[in-house]
Protein chains: 2
Amino acid sequence: MNYCSDCGAPVTLRVPEGDNRERHVCSRCGTIHYQNPKMVVGCIPEWEDKILLCRRAIQPRLGLWTLPAGFMERGETTRDGAARETLEEANARVQVGRLYGLFNLPHIDQVYMLFRARLLDLDFSPGEESLEVRLFAEREIPWDELAFHPIRETLRLFFRDRLTGDREMRSGDIVRDTGDEPRLQITIHDEPPFYGAGE
Amino acid sequence: MNYCSDCGAPVTLRVPEGDNRERHVCSRCGTIHYQNPKMVVGCIPEWEDKILLCRRAIQPRLGLWTLPAGFMERGETTRDGAARETLEEANARVQVGRLYGLFNLPHIDQVYMLFRARLLDLDFSPGEESLEVRLFAEREIPWDELAFHPIRETLRLFFRDRLTGDREMRSGDIVRDTGDEPRLQITIHDEPPFYGAGE
């Protein structure tokens with residue numbers, strides 16, 4: 001960020017009064033421009049024992065498989081966004097259920113929220129951002145051709161929980177190490193106790 | 001948004017190629033400026049059967065009570081953010097637990113995420129943004145002096161679930177009606193079934 005989006009004057013990076021971190025502040029009108037993480041919302045669309053995946057027609061990770069998901073837009077709810085992405089990427093209609101996977105990616109300022117969903121019919125097809133859309137049984141999942149870490153972790157936990165009947169949501173952090181050889185650290189939260197009186 | 005934050009030239013509102021909604025696009029460098037909802041992260045800090053609330057020293061809703069919560073910052077996880085807000089607003093240290101309340105406010109492009117949390121000690125005090133910080137038993141909660149709807153709904157559901165022992169997370173939508181007399185519609189999701197084979 002170099003210029004104020006309100007008045008067009010240059011911005012400077014400084015800590016505003018009463019704040020404790022650097023922000024882009026306009027040198028002319030004084031507007032403080034906050035920058036915040038973004039939500040990626042999507043679905044795990046189910047049909048009987050199968051899951052719908054999309055093969056990406058766009059960068060990044062062109063040609064790899066993913067759950068339908070994308071940036072949440074203004075004016076919608078998280079579930080609206082998850083259903084919209086499923087319609088856009090797979091021309092598929094879903095009933096969106098519970099939040100299942102919540103993943104933090106602080107190095108790229110994203111939070112993934114993946115909801116369980118029921119595919120309403122089999123009339124799906126690739127949207128503009130997909131090369132191919134199909135249903136996969138667990139044994140058919142292309143584990144080595146999945147596009148994003150939160151998608152892989154969500155699917156891995158999803159099939160594990162389906163086997164054991166566990167109904168909890170899952171959350172975790174996917175963080176880039178800042179050592180000599182940067183690599184991703186994946187932490188799945190052992191959900192701590194539910195806290196409160198008598199527990 | 002009037003000017004490009006990258007190059008300072010005026011932006012125009014138009015639908016970019018391959019997109020389906022209007023964005024601010026720079027007339028000179030072509031940068032597309034996306035705008036997305038923001039996350040508000042916070043805690044329900046518990047000590048025995050009591051909950052920690054903060055009385056706001058800042059606008060909006062100066063003088064009213066709230067759970068410690070605020071905008072998630074770049075470079076942190078949702079839980080980090082919830083713990084940071086609790087430290088900033090109440091000088092209180094918590095162990096952050098499960099996500100409990102997820103509320104969408106599409107008319108102001110916010111998503112609230114409130115986590116259960118265990119207060120680690122009683123050494124808390126008002127932070128810069130608080131006038132007063134104290135523990136409340138359920139019967140003491142100042143229901144008519146709560147600052148924000150998602151906070152009120154979260155506390156209402158929290159005490160109900162504590163009574164019944166229900167351990168589910170709760171979610172809902174708080175939407176402004178766009179009729180002649182705009183007012184808020186609050187919908188708590190009846191969590192739909194967990195979907196999937198054999199259910």
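Structure notes:
- Beta-bridge orientation, chain B: approximately 70 percent antiparallel, per DSSP, counting only bridges with both partners inside.
- 7 Å along Cα→Cβ, label-point gaps from A:L184 to other copies, nm, shortest first: 3.7
- Convex hull of Cα atoms in segment A:1-71, direction-averaged projection (nm²): 7.9
- Cα long-axis angle, helix A:78-90 against chain A (0 to 90 degrees, to the nearest 10): 60
- 10 Å Cβ neighbours from other chains, averaged over peptide A:160-168: 2
- Radius of gyration and Dmax over the Cα atoms of the protein assembly as shown, both given in Å: 21.9, 63
- The charge dipole of the protein assembly as shown, taken about its Cα centre with unit charges on the Cβ of Lys, Arg, Asp and Glu (plus for the first two, minus for the last two), comes to roughly 360 debye.
- Shape box of chain A [Cα atoms, principal axes, largest first, Å]: 59, 51, 39
- In chain B, Cα pairs under 8 Å separated by at least six residues give a relative contact order of 18 percent.
- Percent of beta bridges antiparallel (DSSP, the protein assembly as shown, rounded to nearest 5): 70
- Pairs of Cα atoms in segment A:133-187 fall into 5 Å distance bins, from 0 up to the last occupied one, in shares of 4, 15, 22, 21, 17, 11, 6, 3, 0 percent.
- Between the alpha-carbon centres of segment B:1-57 and segment A:1-46 there is a gap of 8 Å.
- For the protein assembly as shown, the 222 nm mean residue ellipticity estimated from helices alone, with every DSSP H stretch of n ≥ 4 adding -39500 (n - 2.57) and the total spread over all residues, rounds to -4500 deg cm²/dmol.
- The candidates B:E48, A:E129, arranged from most to least accessible area with a 1.4 Å probe in the full protein assembly, appear as B:E48, A:E129.
- Between segment A:78-93 and segment B:106-153, the alpha-carbon centres lie 34 Å apart.
- Descending Cα extents along the principal axes, segment A:97-170, whole Å: 33, 32, 25
- Stokes-Einstein, applied to the Kirkwood radius of segment B:54-124 over Cα pairs at a viscosity of 0.692 mPa s and 37 °C, places its translational diffusion at 252 µm² s⁻¹.
- Rounded tilt (10° steps) of A:149-164 against the dominant C-alpha axis of chain A: 40
The values are calculated or read from the model by the stated rules, or taken from the named source; none is laboratory data. None of these values were measured; they are calculated from a predicted model. As a convention, Cβ positions derive from the backbone with ideal geometry for all residues, glycine included, and neighbour counts pool all protein chains shown. With ligands, DNA and RNA removed, areas are computed over all heavy atoms of the protein, side chains included. Shrake-Rupley method; radii C 1.70, N 1.55, O 1.52, S 1.80 Å.
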